[in-house]
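The values are calculated or read from the model by the stated rules, or taken from the named source; none is laboratory data. Model, not experiment: these values are computed from the prediction. Reconstructed Cβ throughout: ideal geometry from the backbone, glycine too, with neighbour counts over all protein chains shown. Note: accessible area is taken over every heavy atom of the protein model, side chains too, but ligands, DNA and RNA are not part of it. Shrake-Rupley method; radii C 1.70, N 1.55, O 1.52, S 1.80 Å.
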Amino acid sequence: MSIPKFAASRSFHTELKARINNYFAEAGKSTTGDTSLFIKAILLTTAFAALYVHLVFLTPPTWLAIAECALLGFIGAAIGFNVMHDGAHGSFSKSRWINQFAAFTLNVMGGNSFMWNMKHNLIHHMYTNVDGVDDDIDAQPWLRLSSTQPRYKLHRFQHLYFWFFYALLFIAWIFFMDYQKYFKGKIGAMPIKKMTAADESVFWGFKALHLGLFVALPIYMVGFVSWLVGFLVFMAVAGFTLSIVFQLAHTVEHTAFPMPDEITHKLEDEWAIHQIRTTANFATDNKVISWLVGGLNFQVEHHLFPTISHVHYPALNKIIKQACAEFGVEYNEYPKMRYAVASHVAYLREMGRK
């Protein structure tokens, strides 16, 4: 499909930016991360490294090893939420090289920062929930995430089996999807820009490093069967955690899935209103969840201001809600995470039957 265009920008987005800029000016704060974020990054990466060393080199008993593999997967996802995500958006630090270093944690985990930037920053953040463009809602044929996608018989049960495919996400991502994008030169229907020699080196070099750190060395140290069990537990926990957090942001009952006009290729809303209508928050008053998921429960704030660090989202939340109330823009938010999960399950069930 042709690349859609947004309606002409109106006063809403301009007013939002003015209010947010005014907040930072009055508070005298930087839009990037603060000391608490750097401390959290050190805690998470240190915990991950310590667990890895203990599992690979010290060979804990089976029951403890499985528990540690599950914890390793959860902490790996938390690093993705808190460190990589802010770094990839350039909001972790004022320093460009620190942001790049933070974003490179994805490469160590087996993903690729170049592909992530194209898929997430440039496509998903621009054309959120637009079927045929936003690759994040393309899980065909296994899942139907939009009413504009074809419905198959198996989708009738997708609200029951979705957890299994979410658990497979990370392993499919690093061992299949990245290579598919690389060789096709496309993310969905969208072409990716040409990779430089440096991009190529990072892609292949870190893929090799990941295989060495998470496949070859563990097999050598603990044996194939022990590695396989532990690796699958690690990847399943990481995949499910990543999937459910991002899915709660966009594929729930109250978010929109707008499509451009067939003739003009224009979307109904201006960009900022489009982001609010296609996005939902959850559990924003829960400080533990907010800490663990790197503020991605404040998904509306993130989509409107992706280059601002998540440590500022609670303050932005109040400002944006007030502006939405004044301009008559509906703001999607679930007070509890379990309500968002229930809404996601209900949405999957609806998409499987209609």
For the subset of the range 321-342 comprising residues that are over 11 Å from Leu248 (Cα atoms) and among the basic types (Lys, Arg), which member is surrounded by the fewest Cβ atoms within 10 Å (Cβ to Cβ)? Lys336
Out of the range 135-160, which residues are closer than 21 Å to Ser343 by Cα and in a loop (DSSP other than H, G, I, E, B)? Asp138, Ala139, Gln140, Trp142, Leu143, Arg144, Leu145, Ser146, Ser147, Thr148, Gln149, Arg151
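Given Ala315, Ala283, Ala272, which one is touching a helix residue (DSSP H, G or I) at 6+ places or on another chain (Cβ under 7 Å), of a type in the set (Gly, Ala, Ser), open to solvent by 10 Å² or more (accessible area, probe 1.4 Å) and closer than 30 Å to Asn99 by Cα? Full working, then the answer.
Numbers: Ala283 fails: open to solvent by 10 Å² or more (accessible area, probe 1.4 Å); Ala272 fails: open to solvent by 10 Å² or more (accessible area, probe 1.4 Å).
None of the other options fit; the residue is Ala315.
Suppose we filter the range 82-99 for residues that are in a helix (DSSP H, G or I) and in contact with a helix residue (DSSP H, G or I) (Cβ under 7 Å, 6 or more places away or on another chain); how many remain? Write out each step before concluding.
Just the residues of the range 82-99 that are in a helix (DSSP H, G or I), to begin with: 82-88, 96-99.
Of the ones still in play, those that are also in contact with a helix residue (DSSP H, G or I) (Cβ under 7 Å, 6 or more places away or on another chain) are 82-84, 86-88, 99.
Summing the residues that are in a helix (DSSP H, G or I) and in contact with a helix residue (DSSP H, G or I) (Cβ under 7 Å, 6 or more places away or on another chain) in the range 82-99 gives 7.
Out of the residues in the range 147-158 meeting the condition of being in contact (Cβ under 8 Å) with a residue 12 or more places away in the chain and surrounded by fewer than 19 Cβ atoms within 10 Å (Cβ to Cβ), tell me which one is nearest to Phe74 (Cα to Cα). So that I can check it myself, show each step before the final result.
Of the residues in the range 147-158, the ones in contact (Cβ under 8 Å) with a residue 12 or more places away in the chain are 147-149, 151, 154-158.
Still in the list and also surrounded by fewer than 19 Cβ atoms within 10 Å (Cβ to Cβ): 147-148, 151, 154, 156-157.
Numbers: Ser147: 32, Thr148: 33, Arg151: 33, Leu154: 29, Arg156: 30, Phe157: 27 Å.
Among those residues, the one meeting the criterion is Phe157.
Quick one: count up the residues across the range 278-317 that are among the charged types (D, E, K, R) and either within 13 Å of the chain's Cα centre (by Cα) or over 19 Å from Gly87 (Cβ atoms) (or both).
Number of matching residues: 2.
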Those residues that are surrounded by 19 or more Cβ atoms within 10 Å (Cβ to Cβ), within 13 Å of the chain's Cα centre (by Cα) and assigned to a loop (DSSP other than H, G, I, E, B), I need them from the range 103-133; list them, please. Gly111, Thr128
Could you identify the single residue in Phe234, Phe203 that is in contact (Cβ under 8 Å) with a residue 12 or more places away in the chain, buried (at least 23 other Cβ atoms within 10 Å of the Cβ), at negative phi and part of a helix (DSSP H, G or I)? Phe234
Go through the range 89-102 and give me each residue that's among the hydroxyl-bearing types (Ser, Thr, Tyr) and surrounded by fewer than 21 Cβ atoms within 10 Å (Cβ to Cβ). Ser95
For the range 2-16, check the following and say yes or no: at least one residue is open to solvent by 20 Å² or more (accessible area, probe 1.4 Å), closer than 30 Å to Ala189 by Cβ, in a loop (DSSP other than H, G, I, E, B) and charged (D, E, K, R). yes
Within the range 318-340, which residues are under 19 Å from the mean Cα position of the chain (by Cα) and under 21 Å from His124 (Cβ atoms)? Asn332, Glu333, Tyr334, Ala340
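A quick yes/no check of all residues on (1) closer than 19 Å to Ser243 by Cβ; (2) without any contact (Cβ under 8 Å) to a residue 12 or more places away in the chain:
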| position | (1), (2) |
| --- | --- |
| Phe104 | no, no |
| Val130 | no, no |
| Arg144 | yes, no |
| Lys186 | no, yes |
Just checking, does the range 54-73 include any residue being open to solvent by 20 Å² or more (accessible area, probe 1.4 Å), under 30 Å from Phe257 (Cα atoms), assigned to a helix (DSSP H, G or I) and charged (D, E, K, R)? no
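Given the residues Leu248, Leu217, Leu209, which is the only one that is crowded, with 22+ Cβ neighbours inside 10 Å, in contact (Cβ under 8 Å) with a residue 24 or more places away in the chain and part of a helix (DSSP H, G or I)?
Numbers: Leu217 fails: crowded, with 22+ Cβ neighbours inside 10 Å; Leu209 fails: crowded, with 22+ Cβ neighbours inside 10 Å.
After ruling out the rest, the residue left standing is Leu248.
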